[in-house]
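A short write-up of the structure that comes next.
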Amino acid sequence: MNTHDIEVAYEIAKKRFAEMGIDTDKAIADVDGVPISIHCWQGDDVRGFENPDQELSGGIQTTGNYVGRARSADDLRQDLDKAFSLIPGAKRLNLHAIYLESDTPVDRDKIKPEHFKNWVEWAKQEQVGLDFNPSCFSHPNSEGGFTLSHHDDNIRQFWIDHCKASRRISEYFGKELGTPSVMNIWVPDGMKDMPADRLAPRQRLMASLDEIISEKIDTKYHKDAVESKLFGIGAEAYTVGSNEFYMGYATSRDILLCLDAGHFHPTEVISDKISACSLYVNEFILHVTRPMRWDSDHIVSFDTETQEIAKEIIRHDLLARVNVGLDFFDASINRIAAWVIGTRNMRKALLKAMLEPTAQLKQLELDGDYTTRLALMEESHSNSWAAVWDYYCLKADVPVGSDWLASVKQYEEKVLIQR
């Protein structure tokens with residue numbers, strides 16, 4: 001579709017939405033300013049640069065061996081530059097501790113801000129914020145299946161020190177970039193078969209977390225978050241950091257709660273949890289993913305749940321309290337394409353939610369007119385929102401429709417295949 005056709009289609013759509021009281025220009029401006037935290041680990045299959053040959057553990061698995069995996073931080077930044085150029089709107093980058101850069105080996109309890117200075121310089125050039133995560137997996141001290149809840153004081157202290165060091169790095173990001181870094185703690189701790197003691201590991205985890213966050217850091221630079229999980233590979237029977245544990249912890253300590261779309265029972269969805277959590281937790285982060293067959297972390301699709309997540313954020317005016325992040329990794333397809341598809345779908349869902357007649361739908365619900373409510377909800381799927389998305393991409397100077405794919409294929413031929 002050429003520029004003229006996109007603009008004509010947009011003007012028609014603009015008029016139709018105006019009849020419903022919706023300002024499409026405002027929706028475009030609003031959605032453009034919503035930062036999406038894009039995860040670095042899609043680019044290298046969660047290997048990192050600490051020890052790329054380290055076996056993955058903690059229930060983390062990647063499938064496939066598509067050409068072009070990033071083998072260095074420079075590779076990864078180059079690939080991110082390409083992906084970012086094809087995605088409209090404000091962006092952040094979410095880093096794990098294993099993505100440090102050092103000329104000499106550095107164990108995780110000894111990581112420092114200086115090991116991430118190149119990432120900060122890159123972020124300044126890209127004008128993006130950075131988020132951070134301790135990496136409590138794929139390490140000799142995590143092989144027993146426990147980290148922050150380990151019964152061995154020395155191993156537990158190692159991971160406490162790692163998380164403390166990570167907080168200092170997160171604070172460094174915030175100070176350097178002028179936007180707070182959200183640091184999310186997730187641990188794979190649990191058991192494959194039924195435990196005799198479910199309480200003691202949770203007591204140890206709580207004590208560890210309390211020690212980690214004991215040093216006060218200004219939230220204008222750094223924010224703490226914790227992430228629950230239902231179960232994992234190798235921890236099918238018992239997960240220490242359950243939803244109940246972390247919901248209580250985040251609420252009682254006034255820190256952020258992370259909701260991962262793949263970390264609950266297959267019949268549960270985080271779109272139903274957002275409003276409930278908002279009553280008790282001041283701020284939280286989302287890990288939007290596609291849990292095909294539970295926590296498989298497939299690339300975010302423009303599916304029902306992704307759209308429902310976006311609607312819950314917009315309908316309840318939660319943009320100021322929700323940090324939208326992504327978490328998927330697929331080594332079976334072009335990794336840059338994976339970033340582009342998943343991130344564009346998340347932003348597309350947010351825009352579509354902003355084009356919904358929210359006030360009218362809520363009033364219909366109060367009036368008990370569920371017939372009209374359902375009819376309007378269903379019509380919204382086929383209205384002219386796509387024309388608004390195309391126009392938004394045009395104005396953001398990114399490819400419209402699937403035109404971005406040719407650029408990725410060209411990059412694959414010139415760069416990825418040469419690795």
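Since every read-out is calculated from the coordinates, none of them should be taken as a lab result. These numbers were taken from a predicted model, which means no experiment stands behind them. Every residue, glycine as well, gets a Cβ built from its backbone with ideal geometry; the counts of neighbours run over all protein chains shown.
Before moving on, here are some points about what is shown:
- The range 52-68 - phi-based ³J(HN,Hα) in whole Hz, Karplus 6.51/-1.76/1.60, Gly and Pro as x: x, 8, 5, 5, 5, 8, x, x, 8, 9, 10, 10, x, 8, 5, 4, x
- Whole-Å semi-axes of the ellipsoid equivalent to the range 244-379 (Cα gyration tensor, √5λ, descending): 25, 21, 13
- Inter-centroid distance (Cα atoms) of the range 57-107 relative to the range 292-340, Å: 18 Å
- Stokes-Einstein D for the range 315-419, Kirkwood Rh over Cα pairs, 4 °C, 1.567 mPa s (µm²/s): 78 µm²/s
- Against the chain, whose longest principal axis comes from its Cα atoms, helix 358-367 is set at around 90 degrees.
- Mean residue ellipticity, 222 nm, helices only, the chain: the sum of -39500 (n - 2.57) across DSSP H runs of n ≥ 4, divided by residue count and rounded to 500, is -13500 deg cm²/dmol.
- The aspartates and glutamates within cross-link reach of LYS223, meaning a Cα-to-Cα straight distance under 18 Å and a gap of 8 or more places when in the same chain, are ASP131, ASP161, GLU171, GLU176, ASP210, GLU211, GLU215, ASP254, ASP260, GLU283.
- Pairwise FRET efficiency - ARG168 versus ALA207, Cβ, R0 = 22 Å, nearest 0.05: 0.60
- Sites matching trypsin sites (Lys or Arg not before Pro) across the range 184-283 that sit in DSSP coil, with at most 16 neighbouring C-beta atoms within 10 Å: LYS192, ARG198, LYS216, LYS220
- Charging the Cβ of each Asp and Glu at -1 and of each Lys and Arg at +1, and nothing else, the dipole of the range 1-144 about its Cα centre rounds to 200 debye.
- Using 0.36 nm per residue and subtracting the Cα-Cα separation, the extra length available between ARG71 and THR3 on full extension is 20.6 nm.
- Residues whose amide H comes within less than 5 Å of that of TYR238, counting only those at least five positions distant or on another chain, are MET191 (H built at 1.01 Å from N in the peptide plane).
- Proximity of backbone amide H atoms, modeled 1.01 Å from N, is registered between LEU56 and no other residue at under 5 Å, excluding neighbours fewer than 5 places apart on the same chain.
- Violating pairs (Cα-Cα greater than 20 angstrom) within the set LYS91/LYS229; LYS82/LYS124; LYS117/LYS175; LYS26/LYS352; LYS164/LYS229: LYS91/LYS229; LYS164/LYS229
- Length gained when the stretch GLN78-LEU366 is fully extended (0.36 nm per residue, less Cα-Cα span): 98.5 nm
- The ellipsoid that matches the Cα gyration tensor of the range 71-118 has semi-axes, each √(5λ) in whole angstrom, of 25, 12, 8, with the longest given first.
- Cα-based helix-to-principal-axis angle, 304-315 vs the chain, degrees rounded to 10: 80 degrees
- Summarising the strand pairing of the range 34-347, around 10 percent of its internal DSSP beta bridges are antiparallel.
- Amide proton proximity set for PHE132, modelled H, under 5 Å, gap of 5+: LEU95, VAL182, MET183, ASN184
- Cα-centre dipole for the range 34-347 with unit charges at Cβ (Lys and Arg positive, Asp and Glu negative), debye to 20: 700 debye
- Using a Förster distance of 51 Å, the FRET efficiency for ALA29-GLU55 (Cβ separation, nearest 0.05): 0.65
- Mean projected area of the Cα convex hull of the range 89-200, taken over all directions, amounts to 8.5 nm².
- Cβ-based charge dipole, the chain, positive-most Cα from ILE185, ILE169, ALA18: ILE169
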